[in-house]
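A.B. asks: Below is the structure I would like to discuss, written out as structure tokens.
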Amino acid sequence: AGDLDIAVTEKGLEEFVKNNISTESAYDASELVQEEFSAVIFFVIVAIVIISSNIMAEEYSKGTIKQLLIKPYSRGKILLSKYITCLIVFCLFLLFYFIISVISYGFIGSFSDYLNPIVVYDFISKGIKEYSIVGYCLLYTLANLPQYLIILSLSFFASTIVANTSVAIIISIISYFAGSIVNMLIEGNNIKYLAWFPTMCWDLTPYLFGGISSFQYSSLGLSIAVSVITLLILIILSFGLFRKKDIKNI
């Protein structure tokens, strides 16, 4: 019990039978949504990396960073405004992509499908719950939010420090793939402290509907805590190193 899939447990199946719900149609709906999101996650990651890697590095490459620094604003405020801009652009992109996905799904399938609920077994309430496709997609998006924010902050950090868009993008993409590889290696080893590795914590989808992670030492509380700490470290390092960065020779 860890994926967003409908709970494949005896209790879950009993509830479906008791409520006269077709498990096959429920699986089809939930799996379709999961497949759609799995297919676009990397696309979203690439968009995040490009947005956040470019926003500061472009200022360096064009030399406009010097013009920003002569204004009556502290380096902290300048960097904060850039980071907030990254977040806003990312949210707008995510909203745009979500709307496009909903519309394309309607054309590929049928807009009437949005009226059909996705049925899941909730381990917390120990009962059947129904979600609209839009609501289900929103939950899935929120569960992936820590991953998106950490990648965004990592790209922003790289962009701020190396002052080169291409290098920042390469660093971020390599980190993403390296994290995925590390996750596969970690899941095959029952080593407790590896549960603190950031990439093991940034995907919260296994915990939706009261599920658990496939890695026995992971938990929802630990995953949230590690994700928040990782974000804070990246942000603090970005601001701290930017304040000391020598801009004269750029």
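A.B. asks: Within region 61-105, what whole-number % of the accessible surface is contributed by carbon and sulfur, with the 1.4 Å probe and all protein chains included in the calculation?
C.D. replies: Numbers: 2130 of 2890 Å².
Roughly 74 percent, rounded to a whole number.
A.B. asks: Keeping every protein chain present and rolling a 1.4 Å probe, give me the accessible area per residue for region 149-250 in Å². If you can, show how the numbers build up before the last one.
C.D. replies: Numbers: 5300 Å² over 102 residues.
It amounts to 52 Å² per residue over region 149-250.
A.B. asks: Hey, which of these cross-link pairs are over 28 Å Cα-Cα: Lys82/Lys192; Lys129/Lys192; Lys62/Lys244; Lys71/Lys245? Mind dumping the intermediate values first?
C.D. replies: Values: Lys82/Lys192 38 Å; Lys129/Lys192 33 Å; Lys62/Lys244 20 Å; Lys71/Lys245 17 Å.
Distance filter (> 28 Å) returns Lys82/Lys192; Lys129/Lys192.
A.B. asks: Short version: ³J(HN,Hα) in whole Hz for each residue of region 193-207, in order, from phi by Karplus 6.51 cos²θ - 1.76 cosθ + 1.60 (θ = phi - 60°), x for Gly and Pro, what are they?
C.D. replies: Those phi angles translate into 5, 5, 5, 8, 5, x, 5, 7, 10, 7, 9, 9, 4, x, 8 Hz.
A.B. asks: With a sphere of radius 12 Å drawn around the Cβ of Asn164, what net charge do the other residues whose Cβ falls strictly inside it have (Lys, Arg +1; Asp, Glu -1)?
C.D. replies: Result for the local shell: -2.
A.B. asks: Could you check how much of the accessible area of region 166-243 is carbon and sulfur, as a whole percent, using a 1.4 Å probe? Could the numbers behind the result be given before it?
C.D. replies: Details: 3080 of 4230 Å².
Looking at region 166-243 in its full context, I get 73 percent from C and S.
The values are calculated or read from the model by the stated rules, or taken from the named source; none is laboratory data. Just so it is clear, the model here is predicted, and its values are computed rather than measured. So basically every Cβ, Gly included, is an ideal-geometry build from the backbone, and we count neighbours across all protein chains shown. What goes into the accessible areas is simple: the full protein's heavy atoms, side chains included, and nothing from ligands, DNA or RNA. Shrake-Rupley method; radii C 1.70, N 1.55, O 1.52, S 1.80 Å.
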